[in-house]
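Each value in this text was obtained by applying a stated rule to the coordinates, not by laboratory testing. These numbers come from a predicted model, not from an experiment. Here the Cβ positions follow ideal geometry from the backbone for every residue, glycine too, while neighbour counts run over all protein chains shown.
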Amino acid sequence: MTSLTATPFPTALFTADEAGPSRDLRTVEEARRFVERERLPVVRSGVHWLDVYNRLTLAQATKAAADIEAARAALAEAFRREAADRVHLAA
């Protein structure tokens, strides 16, 4: 079996998820698995999560710094958007 080298983000992203434990997402691969497992199957997930997943997949494949940063930025924005939606719904 071939083992792929993990692709680290320049800085980790912290996620505080209501459905599970908080965690730091340090690599593209960790983030991709998280989005695949926790966001894509959920009906409430928006199209933006599919975009995040696609960007993470591209970053994992190319390992290009620009793709990694674009994936990290998309992931951070999706988390920000999700948190804002929770606040809006709670109000």
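Between Glu36 and Arg86, what's the calculated FRET efficiency when r is the beta-carbon distance and R0 is 25 Å? Round to 0.05.
Working: r = 21 Å, r/R0 = 0.85.
For Glu36 and Arg86, the calculated efficiency is 0.70.
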- request: Go ahead and run the numbers for FRET between Asn54 and Thr11, Cβ-Cβ distance against an R0 of 25 Å, rounding to 0.05.
  value: 0.70
